[in-house]
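Take a look at the structure below.
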């Protein structure tokens, strides 16, 4: 989440996340990134957060900040 928050609205590839979070020498697969993105989305939904994680097919993820408003 920190990586997305520090780069709002910028596309970050799954591979870049994998390298930055788990390191170059990690044996983790890109599916680990997908799983954690899923967890983060569920947490954001539960918090009714004003942000969402947007996926761009075969490109990566970005943090989209919503407009303020009444719920």
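List of remarks:
- Within the set 6, 62, the sole residue that is modelled with pLDDT of 90 or more and surrounded by 13 or more Cβ atoms within 10 Å (Cβ to Cβ) turns out to be 62.
- Under the condition of being part of a loop (DSSP other than H, G, I, E, B), without any contact (Cβ under 8 Å) to a residue 12 or more places away in the chain and either loosely packed, with under 11 Cβ neighbours inside 10 Å or in contact with a strand residue (DSSP E or B) (Cβ under 8 Å, 6 or more places away or on another chain) (or both), the residues counted in the stretch 47-59 number 3.
- Output for the stretch 2-23, where each listed residue is in contact (Cβ under 8 Å) with a residue 12 or more places away in the chain and either part of a helix (DSSP H, G or I) or at positive phi (or both): 3, 4, 5, 9, 14, 15, 16, 17, 18, 20, 21
- A residue that is outside any helix (DSSP H, G or I), free of Cβ contacts under 8 Å to residues at least 12 places away in the same chain, exposed (fewer than 10 other Cβ atoms within 10 Å of the Cβ) and on the phi > 0 side of the Ramachandran plot occurs nowhere in the stretch 24-46.
The values are calculated or read from the model by the stated rules, or taken from the named source; none is laboratory data. Owing to the predicted nature of the structure, the values given are computational and were not obtained by experimental measurement. Note: ideal-geometry Cβ built from the backbone for every residue, glycine included; neighbour counts use all protein chains shown.
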